[in-house]
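To start, the structure under review is shown below, and the notes come after it.
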Amino acid sequence: MRALTWNGVDDLTVEQVPDPRIINRQDAIVKVRLSSVCGSDLHMLGGYLPAMERGDVLGHEFLGDIVEVGPDVRRRSVGERVVVCSFFGCGQCWYCQNGLWSLCDNANTNPGLTEFAYGQPLGACFGYSHALGGNAGSHAEYIRVPYVDHGAFPVPEEVSDQAAVFA
């Protein structure tokens, strides 16, 4: 599939990258319909975030259609149009249970990087460096969404794609 990748400071390209796949039982694959540029993307473009790697897919504000779900997904289903939070959490830890997803104990596979840099481990974010989990971003044709039951929300038919992402 095609995706917008970071290749170094001020160096972005559209490249062929591997299609995402279900890794964990609570994952879903979403076909991206709309992906927005966020001001925080400029931090990566300018080289201000540690742990960026050549070929990382950018983007973390998006909407799309679920095309595949893992066996433990209960609240989302194939065919749903969803908007997805940029930060995601497991939905089970203390932080998630108290609405503090960006501090999730379980989503970030590299918590030591943010603990060292900021004095606190942070949760995971799409397309926002390996310090926040190294998850591929949404400036792509498809994206893997971990813990989809917790961080993806159905969009009613009467709401346009643009209104769902920008409102």
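The values are calculated or read from the model by the stated rules, or taken from the named source; none is laboratory data. Remember, predicted model here, so these are calculated numbers, not experimental data. We place every Cβ from the backbone using ideal geometry, glycine too, and count neighbours over all the protein chains shown. Side chains are part of the model used for accessible areas, which takes the heavy atoms of the whole protein and leaves out ligands, DNA and RNA. Shrake-Rupley method; radii C 1.70, N 1.55, O 1.52, S 1.80 Å.
Assorted remarks:
- Gyration tensor (alpha-carbon) shape descriptor, the chain, a/c threshold 1.5: oblate
- Close amide H pairs (under 5 Å, H built 1.01 Å from N) link ASN135 with CYS125, GLY127, TYR128, residues at least 5 positions away or on another chain.
- Trypsin sites (Lys or Arg not before Pro) lying in DSSP loop within the range 1-79, provided at most 16 other Cβ fall within 10 Å: ARG21, ARG25, ARG54, ARG74, ARG75
- Solvent-accessible surface ranking, highest first, for ASP11, ASP56 at 1.4 angstrom: ASP11, ASP56
- Relative packing of peptides 119-126, 91-98 - highest average C-beta neighbours within 10 Å first: 119-126, 91-98
- Multiplying the residue separation of ARG21 and THR109 by 0.36 nm and subtracting their alpha-carbon distance yields 30.0 nm.
- Taking amide H as placed 1.01 Å from N in the peptide plane, the amide H of TYR142 sits under 5 Å from that of VAL32, each at least 5 places away or on another chain.
- Pairs of Cα atoms nearer than 8 Å and 6+ residues apart set the relative contact order; for the range 44-167 it is 30 percent.
- 3J(HN,Hα) from dihedral phi, the range 64-74, Karplus parametrisation 6.51/-1.76/1.60, rounded to Hz, x for glycine, proline: x, 10, 6, 10, 7, 10, x, x, 9, 6, 10
- Around LEU4: net Lys/Arg minus Asp/Glu count, Cβ-Cβ under 12 Å: -4
- 3J(HN,Hα) along the range 36-42: 9, 8, 10, x, 5, 4, 5 Hz, from the Karplus curve 6.51 cos²θ - 1.76 cosθ + 1.60 with θ = phi - 60°, whole Hz, x for Gly and Pro.
- Residue range of the chain that is longest and free of GluC sites (Glu not before Pro) which are both DSSP loop and sparsely packed (at most 10 other C-beta within 10 Å): 1-156
- Highest-MSF residue in the chain out of PRO111, PRO18, PRO50 [GNM, Cα springs under 10 Å]: PRO18
- Subtracting the Cα-Cα distance of ALA167 and ASN7 from their residue separation scaled by 0.36 nm leaves 54.5 nm.
- Label-point separation in nm, HIS43 to TYR118, each point 7 Å along Cα→Cβ: 0.7 nm
- When the Cα gyration tensor is reduced to axis lengths a ≥ b ≥ c, the ratio a/c is 1.5 or higher for the range 73-167, and with a/b above b/c it is classed as prolate.
- Of LEU100, LEU45, the residue with the largest accessible area leads and the full order is LEU100, LEU45 (1.4 Å probe).
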